[in-house]
Structures are given as C-alpha cells and as structure tokens.
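Asker: Quick one: the structure is below, questions incoming.
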Amino acid sequence: MSSAILLFLLGFVAWFWFDTQRSQEIAKAICQQVCEKLQLQFLDDTVVLMRLRLRRNSSGSLSLQRTYQFEFYDGGNQRQRGTVIMRGIALELLEMPGYLERTIFPV
C-alpha cells in the first residue's frame, strides 16, 4: 500500500512540475507578443510566479490559478511591472499599467 501511495505522490509531483512549466512558458510567450505589439522591451526574458491557488472555472470545476509578474521597458527611465494570470494554461488576465489596463479573458 505505501509503495502505491509513494508512486501516486511521485506522479502528482511530476504532473504538477510539467504543468507549471507549460503554464509559465505560455505566459512568457504571451508577454513577449504583447510587448512586441506595443513596441515595448520585455525585460529579463522571464515571468516570475507570485501566487498559486485553486479557483473554480466557469463550469464550476477546480483549476490552478497562477499569477506571474514580468517587467518591461518603454524607453523611459525605469522598468514597468505587468501581471499575467493563467487559469491552467489559459490566459485569464493581463495587466500592464499605463499600456494595457486589466484585460480580462473568459476562461
């Protein structure tokens, strides 16, 4: 019995890690595309996971919601910070203060 539980836990950890990596790569690609479209520089070529929680989607089932932050540069003096929220691997919200105000996507 304990080996079955251990195997399940290892499988869950592997799934969670791959799912997180996939979500992060999609969030990064979205941020790069939006920055390019708005003629901004996407800095550090990365998004940083700030929050992870369970939320209900539109059909009522639980899914993982991940909140990432990223930085971009507009040619001025300082870095700007944006937020992207992913529900699973789907974009839920993108916010870039001063450029893109709380664009919410149905999930």
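Where a number appears in this text, it was derived from the coordinates with a stated rule and is not lab data. Quick caveat: nothing in here was measured; it's all calculated off a predicted structure. When we count neighbours, we look across all protein chains shown, and the Cβ atoms used for this are built from the backbone with ideal geometry, even at glycine.
Asker: Relative to the first principal axis of the alpha-carbon coordinates of the chain, what is the inclination of helix 2-37, with its axis defined by its Cα atoms, in degrees from 0 to 90 and to the nearest 10?
Answerer: It works out to around 10 degrees.
Asker: So what's the stretch 22-70 giving for Rg/Rh, alpha carbon basis, Kirkwood Rh from the mean inverse pair distance?
Answerer: With Rh from the inverse mean 1/r over Cα pairs, Rg/Rh is 1.08.
Asker: So what are the ³J(HN,Hα) numbers for the stretch 62-76, from phi and the Karplus equation (6.51, -1.76, 1.60; θ = phi - 60°), rounded to whole Hz, Gly and Pro as x?
Answerer: Result, rounded to whole Hz: 6, 8, 7, 10, 10, 10, 10, 10, 9, 10, 9, 10, 9, x, x.
Asker: Considering amide H positions built from the backbone, and no H for Pro or chain starts, which residues 5 or more places from Leu43, or on another chain, come under 5 Å of its amide H?
Answerer: Under 5 Å from the amide H of Leu43 lie the amide H atoms of Glu71, Phe72, Tyr73, each far enough along the sequence or on another chain.
Asker: If you don't mind, another one. Could you size up the charge dipole of the chain around its Cα centre, putting +1 on the beta carbon of Lys and Arg and -1 on that of Asp and Glu, and report it in debye to the nearest 20?
Answerer: For this selection, approximately 420 debye.
Asker: Towards the positive end of the charge dipole of the chain, with charges on Cβ (+1 Lys, Arg; -1 Asp, Glu), say which of Ala4, Gln65, Ala14 has the farthest Cα.
Answerer: With unit charges placed on the Cβ atoms, the residue in question is Ala4.
Asker: Turning to a different aspect of this structure: Nearest 500 deg cm²/dmol is fine: what mean residue ellipticity at 222 nm does the chain get from its DSSP H runs of n ≥ 4 alone, each adding -39,500 (n - 2.57), divided by its residue count?
Answerer: Computed ellipticity for the chain at 222 nm equals -12500 deg cm²/dmol.
Asker: Right, here's the next one. Give the Rg (one decimal place) followed by the Dmax (whole number) of the chain, computed from C-alpha coordinates and expressed in Å.
Answerer: Calculated on Cα positions, Rg and Dmax stand at 16.5, 61 Å.
Asker: Related question: Of the options Pro97, Phe42, Leu52, report the single residue whose Cα projects farthest towards the positive end of the charge dipole of the stretch 2-104 (beta-carbon charges: Lys, Arg +1; Asp, Glu -1).
Answerer: Result: Leu52, furthest along the dipole toward the positive end.
Asker: Defining a contact as two alpha carbons under 8 Å apart and six or more residues distant in sequence, what relative contact order in percent does the chain show?
Answerer: Relative contact order, the chain: 19 percent.
Asker: Here's another thing I want to ask about it. Simple spin-label model, 7 Å along Cα-to-Cβ: Ser61 to Thr20 in nm?
Answerer: 2.3 nm
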